[in-house]
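The values are calculated or read from the model by the stated rules, or taken from the named source; none is laboratory data. Everything numeric in this text was worked out from a predicted model, so none of it was measured. Ideal geometry is used to build each Cβ from the backbone, glycine not excepted, and the neighbour counts take in all protein chains shown. These area figures cover heavy atoms from the full protein model, side chains too; ligands, DNA and RNA do not enter into them. Shrake-Rupley method; radii C 1.70, N 1.55, O 1.52, S 1.80 Å.
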Amino acid sequence: MDKALRLVYNKIVEQSKKNFFFNDINLPNSVDSRLELFQLNLIIILWYMRFSKINKNDIESIISFFTKDLESLLRESGEAESRIGRKTRKLVENFFGRLYAYSEQFDKIEKNESNELKLKLKFNFNSTSIKISKIYEYVRLNIIYFSKLDSSFFFKLKFDFADN
């Protein structure tokens, strides 16, 4: 992956660590919640890249890097080497399901149409303590923001995520 894409990926990582998610949205501080949040932020960026007609190879590069990152995460967490491939496949399949489902809802948000994103978030985050309305608003603000972002700013990292 080229340097610009790696920096975009790192920006997603940093965004996903912000206290806003744990303090304001009440996201549990668990591996599953952090992974779900990271995937959501990654999908926002992938949606933007598709929306802005950024080179498909760049989109595939970020997804490939994410897959390798998942494998590393499993190794670091002490997962048995013989199970890493199967677990990675399952996580990637789940990711692609979310990518499709969320992107479809993001398109509706961008067009100001009714959508089912809150239901999908509630199902995927699977916690009664999370303030789904706040995470929905976070996503909505980011979709609106990114739908207006000039792609020349994207690769120069002249963008931020909206926190609320």
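Figures for the structure shown
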item	result
Over 27 Å between alpha carbons, listed pairs LYS11/LYS108; LYS56/LYS111; LYS118/LYS148; LYS18/LYS56	LYS18/LYS56
Compactness relative to 2.2 N^0.38 Å, alpha carbon Rg of the range 11-164	1.04
DSSP H segments from the chain that extend 24 Å or more along their own axis, Cα-based, with Kyte-Doolittle mean of -0.5 or above	31-51, 56-76
Per-peptide average of other Cβ atoms within 10 Å, ordering 70-83, 117-130 highest first	117-130, 70-83
Estimated inter-spin distance, LEU7 and ARG75, nm [label 7 Å along Cα→Cβ]	2.7 nm
Separation of alpha-carbon centers, the range 1-48 and the range 53-73, rounded to whole Å	14 Å
Chain lengthening between ASN19 and PHE96 when straightened (0.36 nm per residue, less Cα-Cα)	25.1 nm
Relative contact order %, the chain, counting alpha carbon pairs below 8 Å whose residues are six or more apart	31 percent
Label-point separation, SER64 to ASN26 (7 Å along Cα→Cβ), nm	4.2 nm
LYS134 - accessible surface, heavy atoms, 1.4 Å probe, Å² rounded to 10	90 Å²
